[in-house]
Amino acid sequence: MKRILFTSWYRGLGGGETDLLTLADALPPSEYDCRLLLPRDGPLGQRWRQAGRQMHIIAYRGASTWFIPALWARFPVVRRFTDLLVRERIDLVHADYHTLPMIAPAAGRAGVPLCWTVWGWWFRPKPWQRAFFRGQSTVARSKAIRAGFLGEPPFMPPEQLPVIYTGIDTSRFHPRLDGAALRRELGLRQDALVVAMAARFQRVKGHHTFQAMAELVLAEAPQTQFIIAGDDVFGVAADQRYRDQMLERAQASPLLRDRLHYIGFRADVESVYAAADVVVCASDFESYGIANLEAMACGRPVVSSRRGGPSETILDNVTGFLVDSGDVAAMAAQVLRLLREGDLRHQMGWAAAEHATVRFSASATAAAQKRYFDDLLRLN
């Protein structure tokens, strides 16, 4: 059995952290002993321990996008990381961006192969970092992420950075789920038409766009109900301010006050998709957009902004609709079309479930990731 140490500077449960948990669940336990390194405990660590896996905590400061590789390799925490890898007889390290400048030199000293996953396209390397990144084994979670990370022209050949899409746990997200319980919890009629979104509070996630879209929909279909699940998961002050602004605006709107339900973080987010007739992604851009795939796996058509990952996962006019970022009128028009045309809604929902299950299952991702891990282990 091979021991893999995953690292994450983030402690909350965003898309990358959900991806990490899903991957660890899907890797064969008879072949891999998955460990986790965090700087502090939090929701991610709690979920990791609940699965019966071992966790290590070493306090450290995550790297900024301006890190200098040679300088960060000298930080005292590198020695602590090296000692951990040797003491625990780690066979392979899977790093996140913010830990990479310190865990990479530690892995080199310990003689342990390392890879890392690019989860976001805003981590474009600075000129003095490019040699460091060229020397790493790297996977991107979407073509959009890869293109954003490499830049134009790319600083390294794209074929050296394979794409392995994040997988969906289809035993958890599937079309047979019943959303009646959540509708009762929120006081919604079982025959009400419901539009939902699942996203943490961050301006790029487009809660303001969703609210503006909801007002346009309500002008045409006043009985429609709206649900937004998610919270400020990383404790960022700007996100907290944005959260307060969105909640205040919803309460101040006569149209939204009684029809838009902010329900906070839901560990059972699948119940949100099950309770919805249509799911919306209103983000300015998504590196990947895992919520879209979760919703599709639950048999729900998705109306999403197209920029980034959604263009790779949503089949426009087949599993949902893609619109330009910030185009509130276009988003409202497609939502209204799905609400009014029940046959189209159900047809797209079943196509979405099939597409997500066949193309983006956790088992498919784990198989691809396992081949990548095994190749690294054989080469070292």
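The values are calculated or read from the model by the stated rules, or taken from the named source; none is laboratory data. It should be emphasised that the depicted structure is a prediction, and the values quoted were computed from it without experimental measurement. Here Cβ is always computed from backbone atoms with ideal geometry, including for glycine, and neighbour counts include all displayed protein chains. Side chains are part of the model used for accessible areas, which takes the heavy atoms of the whole protein and leaves out ligands, DNA and RNA. Shrake-Rupley method; radii C 1.70, N 1.55, O 1.52, S 1.80 Å.
For this structure, a couple of remarks:
- Segment 207-234 - residue that is of a type in the set (A, V, I, L, M) and assigned to a helix (DSSP H, G or I) and, of those, farthest from G16 (Cα to Cα): A219
A quick yes/no check of all residues on (1) open to solvent by 10 Å² or more (accessible area, probe 1.4 Å); (2) touching a helix residue (DSSP H, G or I) at 6+ places or on another chain (Cβ under 9 Å); (3) more than 22 Å from T138 (Cβ to Cβ); (4) outside any helix (DSSP H, G or I):
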| residue | (1), (2), (3), (4) |
| --- | --- |
| A59 | yes, yes, yes, yes |
| L71 | yes, yes, no, no |
| R74 | yes, yes, yes, yes |
| F81 | no, yes, no, no |
| L85 | no, yes, no, no |
| R89 | yes, no, yes, yes |
| V93 | no, yes, no, yes |
| P105 | yes, yes, no, no |
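- Among (1) within 16 Å of A198 (Cα to Cα); (2) among the polar types (S, T, N, Q); (3) assigned to a helix (DSSP H, G or I) - the single one S304 does not satisfy: (3)
- Reported count of residues in segment 128-145, each being open to solvent by less than 10 Å² (accessible area, probe 1.4 Å) and either within 21 Å of P113 (Cβ to Cβ) or part of a helix (DSSP H, G or I) (or both), is 7.
- Flag for V163 being crowded, with 16+ Cβ neighbours inside 10 Å, under 19 Å from L20 (Cα atoms) and of a type in the set (A, V, I, L, M): yes
- Subset of segment 146-160 [free of Cβ contacts under 8 Å to residues at least 40 places away in the same chain, open to solvent by less than 30 Å² (accessible area, probe 1.4 Å) and not in a loop (DSSP other than H, G, I, E, B)]: F149, L150
- Selection status of D191, farther than 30 Å from D169 by Cα and either within 21 Å of the chain's Cα centre (by Cα) or loosely packed, with under 15 Cβ neighbours inside 10 Å (or both): no
- Tally of residues being assigned to a loop (DSSP other than H, G, I, E, B) and charged (D, E, K, R) across segment 235-269: 5
- Within segment 224-245, the set of residues being in contact with an Asp or Glu (Cβ under 7 Å, 6 or more places away or on another chain) and either surrounded by 17 or more Cβ atoms within 10 Å (Cβ to Cβ) or under 17 Å from A196 (Cβ atoms) (or both) comprises D232, D239, R243.
Here is a yes/no grid of residues against (1) within 16 Å of V93 (Cα to Cα); (2) of a type in the set (D, E, K, R); (3) surrounded by 14 or more Cβ atoms within 10 Å (Cβ to Cβ):
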{"residue": "L20", "(1), (2), (3)": "yes, no, yes"}
{"residue": "P43", "(1), (2), (3)": "no, no, yes"}
{"residue": "G52", "(1), (2), (3)": "no, no, no"}
{"residue": "S64", "(1), (2), (3)": "no, no, no"}
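- Only one entry in E215, E248 is surrounded by 15 or more Cβ atoms within 10 Å (Cβ to Cβ), farther than 21 Å from D169 by Cα and charged (D, E, K, R), namely E215.
- The C-beta contact set for segment 339-356 (first residue closer than 23 Å to S171 by Cα and modelled with pLDDT under 95, second residue open to solvent by 20 Å² or more (accessible area, probe 1.4 Å) and not in a helix (DSSP H, G or I), distance under 9 angstrom, 6+ apart or interchain) is empty.
- Selection status of A221, surrounded by 17 or more Cβ atoms within 10 Å (Cβ to Cβ) and at pLDDT 95 or above: no
Quick grid of which residues meet (1) farther than 28 Å from S287 by Cα; (2) without any contact (Cβ under 8 Å) to a residue 40 or more places away in the chain:
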{"position": "K2", "(1), (2)": "yes, no"}
{"position": "W66", "(1), (2)": "no, no"}
{"position": "P69", "(1), (2)": "no, no"}
{"position": "R74", "(1), (2)": "yes, yes"}
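- Flag set for V278, criterion: in contact (Cβ under 8 Å) with a residue 60 or more places away in the chain and open to solvent by less than 60 Å² (accessible area, probe 1.4 Å).
- Residues satisfying the stated conditions in segment 314-344, i.e. touching a strand residue (DSSP E or B) at 6+ places or on another chain (Cβ under 7 Å), in a helix (DSSP H, G or I) and either closer than 12 Å to V280 by Cα or open to solvent by 20 Å² or more (accessible area, probe 1.4 Å) (or both): A330, M331, Q334, V335, L338
- Taken together, D375, D284 contain a single residue that is of a type in the set (D, E) and either part of a loop (DSSP other than H, G, I, E, B) or touching a Gly at 6+ places or on another chain (Cβ under 6 Å) (or both), which is D284.
Conditions tested, residue by residue: (1) of a type in the set (S, T, N, Q); (2) under 25 Å from I4 (Cα atoms); (3) under 17 Å from the mean Cα position of the chain (by Cα).
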{"site": "A131", "(1), (2), (3)": "no, no, no"}
{"site": "Q136", "(1), (2), (3)": "yes, yes, no"}
{"site": "F155", "(1), (2), (3)": "no, no, no"}
{"site": "Y165", "(1), (2), (3)": "no, yes, yes"}
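- Residue check for G289: surrounded by 23 or more Cβ atoms within 10 Å (Cβ to Cβ) and in contact with a strand residue (DSSP E or B) (Cβ under 8 Å, 6 or more places away or on another chain): yes
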